[in-house]
1. Could you order B:GLU116, B:GLU221 by accessible surface area, starting with the largest, using a probe radius of 1.4 Å?
2. With everything on Cα atoms, drop me the angle between helix B:174-189 and the longest principal axis of chain B, reported from 0 to 90° to the nearest 10.
3. Taking +1 at the Cβ of each Lys and Arg and -1 at the Cβ of each Asp and Glu, which of A:ASN316, A:LEU371, A:VAL350 sits farthest along the dipole of the range A:242-399 towards its positive end, judged by Cα position relative to the Cα centre?
4. What does the average come to when, for each residue of peptide B:104-111, you count the partner chain Cβ atoms lying within 10 Å of its Cβ?
5. Among rounded, prolate and oblate, which fits the range B:93-195 when a ≥ b ≥ c are the square roots of the eigenvalues of its C-alpha gyration tensor, a/c under 1.5 means rounded, and a/b larger than b/c means prolate?
6. Taking only Cα atoms, what is the 0 to 90° angle, nearest 10, from helix A:258-301's long axis to the longest principal axis of chain A?
7. Taking the full set of protein chains and a 1.4 angstrom probe, give the accessible area of A:ILE223 in square angstrom, rounded to the nearest 10.
8. Taking the Cα centre of the range B:28-68 as origin, work out the dipole magnitude from +1 charges on Lys and Arg Cβ and -1 charges on Asp and Glu Cβ, in debye rounded to 20.
Amino acid sequence: MSPLELMRFAAGALRGHRLRAGLSVAGVAIGIAAVVALTALGEGARAYVVGEFAALGSNLLIVLPGKTETTGHAPLGAAERDLTLDDYRAITQRVPLLRLAAPLAAGSETVRWGERSRAVPILGTTAEFLAVRRLRVASGRFLSPGDPDQGGAEIVLGPVLARELFGAANPLGEVVRVGQWRFKVVGVLAPRGRSLGFDFDDLALVPVRTAMRMFNRSSLFRILVDCHRSDDLEAVKRDILALLKERHRAEAVTVITQDAMVAAFSSILQALTLALVGIASVSLAVAGVGIMNVMLVAVSERRSEIGLLKALGASNRQVLAVFLVEAVLLSSAGGVAGVVAGAALVQALVEVFPQFPAAPPPWAVAAALVLALAVGVLFGVWPARRATALDPVAALARR
Amino acid sequence: MIRLDDIWRTFSVGGAEVHAVRGVCASFAAGEHAALVGPSGSGKSTLLHILGCLDRPTRGSYLFEGREVARLGEDQRTRLRRFRIGFVFQFFHLLPRLTAQGNVELPMLFAGTGREERRERARRALHRVGLLGRAHHRPDQLSGGERQRVAIARAVVMNPSLLLADEPTGNLDRASAADVMALLEEMNRDGLTLIVVTHDPAIAARAARILRMDDGRLVEEWRPDAAAPSPPGQADAGRGTRSP
């Protein structure tokens with residue numbers, strides 16, 4: 001009996017109870033669709049986050065002050081472990097491979113203009129920040145370049161903040177109050193959108209020295225370092241660590257590369273995807289039990305057929321094959337339907353949220369189909385074995 | 001062709017032993033037409049299943065074409081059923097989802113016969129039972145007599161040497177029964193050994209030899225054209241006898 005004839009025979013048997021077969025196919029299809037859709041969502045989330053990081057610049061190094069929380073308990077003289085503007089200057093002057101670096105001081109304050117006010121994050125930085133963070137200015141100019149220590153009373157607004165405070169009016173040249181301080185608006189950023197949960201549209205940028213004075217800080221929040229090539233990242237990181245170690249006489253800073261963060265996020269999201277798929281697989285197990293149930297009913301319903309097949313000279317192996325192929329046909333039909341349904345679901349989602357790059361990865365589609373096949377075999381074997389174990393005489397006796 | 005020697009078939013029902021067949025001895029020559037009669041529960045169907053290799057005797061020897069069937073493995077018994085033995089049942093046992101043609105092709109499907117040859121041989125078998133015109137009807141579109149004729153076509157399509165019929169006319173009206181018996185007898189005249197289980201005396205009387213079973217034993221055997229019933233074995237010349 002050739003595989004093709006076996007399949008034709010099994011398909012003929014399934015046509016005998018379309019509703020039941022259809023329902024168990026639907027069960028598998030739901031499970032497979034869930035696997036495909038959730039994999040696509042997980043992969044989409046990963047691609048989205050990685051893309052966001054890439055937009056920020058993947059040649060980026062981030063220097064964080066280390067152990068600042070221990071300052072109060074440290075012996076006199078060790079308090080200099082904070083990341084200072086002098087550190088920043090030293091880095092820009094003595095690390096040859098870097099392209100640009102920008103210091104960052106951060107705080108939160110209310111910005112007022114006339115009657116209106118809005119509390120936003122205030123970032124203190126230098127002119128280099130614009131290039132390092134890949135931002136653009138929509139109108140006016142960015143912070144003026146020069147000595148980071150000079151401070152100044154100029155401010156650049158994010159587009160949302162500018163719109164909220166000024167409405168249709170032109171903010172350029174206006175004076176705003178930030179806490180007790182007065183600033184002149186010199187520019188407005190172009191919309192950049194949210195990036196990794198931080199809204200670059202709803203903030204204000206001021207000179208770093210001014211921000212440190214305003215928030216009464218001696219330490220920087222971060223130093224962002226942009227390299228020419230991603231191959232230089234390790235060398236630059238080593239140089240910065242060596243430099244700061246020499247300056248602080250102790251290693252008290254952390255340098256992370258953007259790549260490391262991307263990799264960390266990527267692997268977290270991949271784990272999340274696998275967890276989602278694992279949960280979806282549970283529904284496949286349920287669908288498998290459904291197939292087993294349908295096949296058990298089929299075996300007990302078709303006792304006389306099994307007896308007849310044996311009387312006509314079908315071997316146990318052939319009877320087993322007939323019922324196993326039926327189960328596998330059910331599950332693989334469900335697999336194909338599930339992949340189609342899952343892909344359609346993802347497609348519908350992409351229609352609604354075009355910026356979310358969700359697509360079922362090919363490996364997930366292949367895995368889903370293999371999984372469906374495996375479900376059919378796994379849950380079809382036992383009913384098929386029951387069919388072969390049937391005594392033909394007893395099976396033929398009743399009809 | 002067939003020799004049964006001291007065949008026993010014992011079932012255990014709820015812990016108790018039930019002897020469906022008790023020490024049957026008989027032999028059937030090639031091309032013979034024999035009827036197996038007896039009341040319900042006399043063991044005639046069980047004996048037929050043993051003859052058809054669907055069931056194994058608990059004890060005793062069953063020689064089929066010179067081979068000891070009791071010692072054959074499952075695969076060889078399957079091959080005997082496939083190539084040497086044809087079955088006809090009281091309830092026809094046609095698969096309702098297949099056409100007459102498809103049902104007749106079934107045994108060849110499991111034998112691995114090619115598609116073209118299957119179709120050709122099934123058509124010939126259907127022609128032989130006079131149903132070629134109904135080849136593409138499903139069983140529910142056929143009358144009882146037609147269904148049984150399809151079943152006969154299916155039973156002979158593999159050219160077996162033995163045809164076993166279990167109450168072949170039990171579900172048919174008198175006219176259809178006569179048609180079916182005529183057909184079976186025609187197969188028998190072409191050389192097929194025919195053993196019919198029946199409790200209809202008229203059907204049994206058409207056989208050359210009648211064996212009567214009661215309570216699992218072969219109690220008497222006679223030839224309808226001969227005068228009186230004789231104890232089993234005596235009509236069967238050259239065989240050792242055994243009293244019931």
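1. Values: B:GLU116 125, B:GLU221 5 Å².
Highest to lowest solvent-accessible surface, that is B:GLU116, B:GLU221.
2. The answer is roughly 80 degrees.
3. So the residue furthest toward the plus end is A:ASN316.
4. Values: counts 0, 1, 6, 5, 3, 11, 12, 4.
Taking all residues of B:104-111 together, the mean is 5.
5. On the way: a/c = 1.80, a/b = 1.19, b/c = 1.51.
It is oblate, given that a/c is not under 1.5 and a/b is not larger than b/c.
6. In chain A, helix A:258-301 runs at an angle near 20 degrees to the longest axis.
7. 0
8. Values: 4 positive and 4 negative charges, 32 e Å.
Using only the charged Cβ atoms, the result is roughly 160 debye.
The values are calculated or read from the model by the stated rules, or taken from the named source; none is laboratory data. Fair warning: this is a prediction, and the values are worked out from it, not measured in the lab. Heads up, the Cβs are rebuilt from the backbone with ideal geometry, glycines too, and the neighbour counts pull from every protein chain shown. With ligands, DNA and RNA removed, areas are computed over all heavy atoms of the protein, side chains included. Shrake-Rupley method; radii C 1.70, N 1.55, O 1.52, S 1.80 Å.
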